[in-house]
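Since every read-out is calculated from the coordinates, none of them should be taken as a lab result. A quick note: this is a predicted structure, and the numbers were derived from the prediction, not measured. Here the Cβ positions follow ideal geometry from the backbone for every residue, glycine too, while neighbour counts run over all protein chains shown.
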Amino acid sequence: MIRHHPDDSLLLRHAGGNLAAGQALLVATHLERCAACRQATRRFESIGGSLVLDEVPAELPRGTFEAVMARIDAPRPPPTQPAVSRHPSLPPGMNWPRSLRHCRISRWRPVAPGMRWSRVKLADAPHANVFLLRIAAGSCMPVHTHSGEELTQVLFGSFDDGRAVFMAGDFDCTDSTVRHQPVVRADSECICLASVDGRLVHDGVIARWIGALIGI
Ligand SMILES: [Zn+2]
């Protein structure tokens, strides 16, 4: 059962197409597994649609209709093949999110004892800071806070950061008000997808070195 969801503000911005690419990818990955948030998003989309319909009609320049019809009738260029990458190795029982199928995913790279990461490159936003973290059972991330928003979607396993337990399917949004240390539960490794807007602010030399290595 999913207990932690994006808040209404995030879903509203997602429905309106107003999220940065990395954040939109995180919310889309959550929506794949969460019927409640899909329903809320549809509600926001329909509210947005009715607001557009309520707009006072404006006079269009002469020839606008013909120009639009000509563009609709024009032959379309062949679709470009999106960069589809094979995902890195996964634990048995984990399904790869459909939202990531057009992303370029690097192989797992060790970053600290019990901790590996993989870069997620978005074709249309190469500078978005999105990555996968794979942390061994019973291991923990360094203590850190954030200079911007950090979105996390749990894909496999679970962790406890002292505020709550986050299970597969759960979503978390943190910022500079949250200083935490996610600890992976002992019964399974944990894989999370994360988008960082800003930088993680780490305590300790080793933790800062990890952040510099990942580029966050
Ligand atoms: Zn949800």
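Some points to look at:
- Amide H contacts under 5 Å for Asp170: Val154, restricted to partners 5 or more places along the chain or on a different chain, H placed in the peptide plane at 1.01 Å from N.
- 10 °C / 1.306 mPa s Stokes-Einstein diffusion coefficient of the stretch 101-162, Kirkwood radius on C-alpha pairs, µm²/s: 119
- Nitroxide proxy distance, nm - points 7 Å out along Cα→Cβ at Arg163 and His127: 2.8
- Neighbour counts of other Cβ atoms within 10 Å put Met1, Met94 in the fewest-to-most order Met1, Met94.
- Modelled spin-label separation between Glu32 and Ser147, with each label point placed 7 Å from Cα along the Cα-to-Cβ direction: 3.1 nm.
- Between the beta carbons of Glu45 and Ala137, assuming R0 = 35 Å, the FRET efficiency works out to 0.35 to the nearest 0.05.
- Net length available on complete extension from Arg119 to Ser9 is 36.9 nm, with 0.36 nm assigned per residue and the Cα-Cα distance removed.
- Neighbour counts of other Cβ atoms within 10 Å put Ser176, Ser195, Ser139 in the fewest-to-most order Ser176, Ser139, Ser195.
- Point-to-point label distance, Arg185-Trp108, nm (Cα→Cβ direction, 7 Å offset): 2.0
- Here the residues Ile2, Ile191, ranked from fewest to most Cβ neighbours within 10 Å of their Cβ, fall in the order Ile2, Ile191.
- Set of the stretch 160-178 residues, backbone N closer than 15 Å to the point 7 Å along the Cα-Cβ line of Ile2: 166-173
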